1. Given only helices, namely DSSP H runs of n ≥ 4 each adding -39500 (n - 2.57), what is the per-residue ellipticity at 222 nm of the chain, to the nearest 500 deg cm²/dmol?
2. Can you give me the relative contact order of the chain as a percent, contacts being Cα pairs under 8 Å and 6 or more apart?
3. Run through segment 1-40 and list the trypsin sites (Lys or Arg not before Pro) located in a DSSP loop whose Cβ has at most 14 other Cβ atoms within 10 Å.
4. From the phi of every residue in segment 305-312, what ³J(HN,Hα) in whole Hz does the Karplus formula 6.51 cos²θ - 1.76 cosθ + 1.60 yield, where θ is phi - 60° and glycine or proline is x?
5. Counting pairs of alpha carbon atoms under 8 Å apart in space and at least six apart in sequence, what relative contact order in percent does segment 327-411 give?
6. I want the antiparallel fraction of DSSP beta bridges within the chain, as a percent rounded to 5.
7. Add +1 for every Lys or Arg and -1 for every Asp or Glu among the other residues with Cβ under 9 Å from the Cβ of Ala22, and state the total.
8. Could you run the Karplus curve 6.51 cos²θ - 1.76 cosθ + 1.60 with θ = phi - 60° over segment 287-295 and give me ³J(HN,Hα) per residue in whole Hz, x for Gly and Pro?
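What follows draws every value from the coordinates through simple rules; no lab data is involved. Since the model is a prediction, treat every value here as computed from it, not as a measurement. Here the Cβ is made from the backbone with ideal geometry for all residues, glycine too, and neighbour counts use every protein chain on show.
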Amino acid sequence: MSTQTPQPIRGTQDIFGPDAEAFAFVVETFERVRKLYRFRRVEMPVFEKTAVFSRSLGETTDVVSKEMYSFEDRGGESLTLRPEFTAGIARAFITDGWQQYAPLKVATHGPLFRYERPQKGRYRQFHQIDAEVIGAGEPQADVELLVMADQLLKELGIADGVTLQLNTLGDAESREKWRSQLVAYFMGAKDQLSEDSQERLAKNPLRILDSKDPRDKVFTADAPKIDDYLSSEAQDFFAKVTSGLDAAGVSWTRAPTLVRGLDYYRHTAFEFVTDRLGAQGTVLGGGRYDGLMEALGGAATPAVGWAAGIERLAMLVGEKGEAKADVIVVVEDDALLTGGIAQVSRLRREGVSAELVASGSARKRFDKAVKMGAKAILALAMRDGRPAARVRAEDSASDILRQLLDAQAAEF
């Protein structure tokens, strides 16, 4: 009886070779940058009680209504694979006593899960990097996060052609006034809006401004603008954010239709966008969510954060290629195998990346090592009945590496 070969699940991927190296480069760069900015590393559960996400994201959002992977465990409890990081981090802040560390700067990365249509750079199991500042209501927290994101993109080497789009949603009072005016405006054209926007009009009217549907774009251009409803406090907050970015040398452009639709979002909203990924142009996005803790049953706590898809960043990074070994140790005589193991182990303890070539035709091992393209080769062979070692180094090999290999060869 024949058995069918298992196939990968649609919307997942096996990452290998240069793609895996680009992925790792994104994560390693993020880890280095988050340490520069003194963000503490956290690890979060891959699943939470479904209510954590439905209460934080809102029952009316596409993520909750259409895209979450929810299931009932053996105890009859509804659990959900995390579709994003912020809700779980907010839950932990409330339940784990993290309030004592406020203002708390945390960062994490890992897999997330959404049941949506797979497309270029978007998967059902995908990965994000995430940074949050919790318990800081000052504009400086927004500035620090944005400067951190800008530096990350620069150190990844992908900042060219990426634009920071920035907007303010105002404080609670400003936002509510704007929201009511948007509802009144769009109600006048309700029958001409797309079906999605007609539904959003009742539940989440700010999201209509995000619509890409041509039927909606006719009306969004002339929709009421947040600037007409900003309180003096909200204007001052946004001015401090923009002046902070200017002081840090971070370029930005105003995007008055950029929104975050959920009610707990306040003040700053932002996206880093590019035209190098087709229609899905956002590479990093976030905003201030001062009302989230209350939505989860905690005390009112200001917070701001951002997230970015690792796959998308890796696509922009391109093929990094798999790094060459610093040294390849070639055993040209099987009698010297233990010596080869000792040499390669010694190199690795010295912090040198090394590989051992000790199989296949003994005559062809050195040529094999040359083709592998290491910075240097340490070849072990028998000469006149005695063990001997020789070093071959490329111009790219450092003087320190050459000295180390010469010393090991002399001692062999």
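1. Roughly -11000 deg cm²/dmol at 222 nm, from the helical runs in the chain.
2. 17 percent
3. Filter output for segment 1-40: Arg10, Arg38.
4. x, 8, 9, 8, x, 5, 4, 5
5. 31 percent
6. Close to 80 percent.
7. Every neighbour counted, the sum reads -2.
8. x, 8, 10, 5, x, 5, 4, 5, 4
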